[in-house]
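Each reported figure results from applying straightforward, stated rules to the coordinates on display, with no laboratory input. Everything numeric in this text was worked out from a predicted model, so none of it was measured. All Cβ positions, glycine included, derive from the backbone under ideal geometry; neighbour counts span all protein chains shown.
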Amino acid sequence: MSDDPGLFEIMHTTRSMRRLKPDPVPDALIHKILEAGACAANGGNTQKWRFLVVKDPAIKKAVQVWYKKAFDEVVGPRYAASAPPPGATPERYKRQHGAVEYLTEHYHEAPVWIVACIDEGPNPPPRWAGASIYPAVQNMLLAARALGLGSTLTTRHLLFEAETDGALGLPPGVRSYAILPIGYPMGNFGPVGRGKLADFVYQDRWGQPYITE
Ligand SMILES: Cc1cc2nc3c(=O)[nH]c(=O)nc-3n(C[C@H](O)[C@H](O)[C@H](O)COP(=O)(O)O)c2cc1C
């Protein structure tokens, strides 16, 4: 019998792990994560996705400056002013805010980033463009978790999209959709908290409770 947690255990414990050790992560593990990402579906199987693996401290720092500016100007004040979301207690929300601040300060210290991009060419992306990259992103988060590595889906850099895509050296027509900072977690994996299905699953008519057998 394998000791590996099963898929459902992995899904139920793939939390955002924002406190990461700076210790290096073996390339073989990053390779496995990338292969898991590339198993995902994408529109028309056109595979316009591109994944930039960033280890260069100078590049990560150049992006972190914008990520922090977005926290200071937008995200931090929003957190401070908002109530806990469904499924989160005030204590848990406060801990999350602390972790968000920690990641903001230490974003660039994660040993490896995977930047998930789409090569869209000259046309503006349609409303559903992200649907061709976020399944890959989620596969990579699950794979990292399965390998004992922590990460977080981050998109805040997009508040300064032109600046950060520039700092990442993306060519014209290529846009980033997420940055996954990856490293060994300082803390433990634990259950995610999203509230009850009954609060957000309906049957046949909007607002009508979904009945489970
Ligand atoms: C579209 C999207 C963007 C996100 N961007 C960020 C981000 O920029 N920084 C961050 O710390 N967390 C980010 N998160 C992580 C969420 O804040 C996190 O999933 C949520 O707080 C729930 O926490 P949990 O993953 O630990 O259960 C993002 C998640 C999603 C789905």
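Tabulated data
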quantity	calculated
GLY76 vs. criteria more than 22 Å from LEU180 (Cα to Cα) and either out of contact with any Pro (no Cβ under 9 Å at 6 or more places or on another chain) or of a type outside the set (Val, Ile, Thr) (or both)	no
Tabulated pairs, the range 135-161, first among the basic types (Lys, Arg), second within 13 Å of the ligand (Cβ to nearest atom) and part of a loop (DSSP other than H, G, I, E, B), C-beta under 8 angstrom, 6+ apart or interchain	ARG145/THR13; ARG145/THR14; ARG145/SER151; ARG145/PHE189
Which listed residue, of LYS21, LYS69, LYS60, is basic (Lys, Arg) and within 14 Å of the ligand (Cβ to nearest atom)	LYS69
Criterion: aliphatic (A, V, I, L, M) and over 30 Å from PHE200 (Cα atoms) - qualifying residue of VAL100, VAL112	VAL112
Odd one out for GLY187, checked against (1) more than 30 Å from PRO90 (Cα to Cα); (2) within 13 Å of the ligand (Cβ to nearest atom)	(1)
Pick from the range 176-201, criterion touching a helix residue (DSSP H, G or I) at 6+ places or on another chain (Cβ under 9 Å) and crowded, with 18+ Cβ neighbours inside 10 Å, ranking: farthest from ALA58 (Cα to Cα)	TYR177
Unmet criterion (only one of (1) of a type in the set (Gly, Ala, Ser); (2) more than 29 Å from ASP56 (Cα to Cα); (3) surrounded by fewer than 13 Cβ atoms within 10 Å (Cβ to Cβ)) for ALA131	(2)
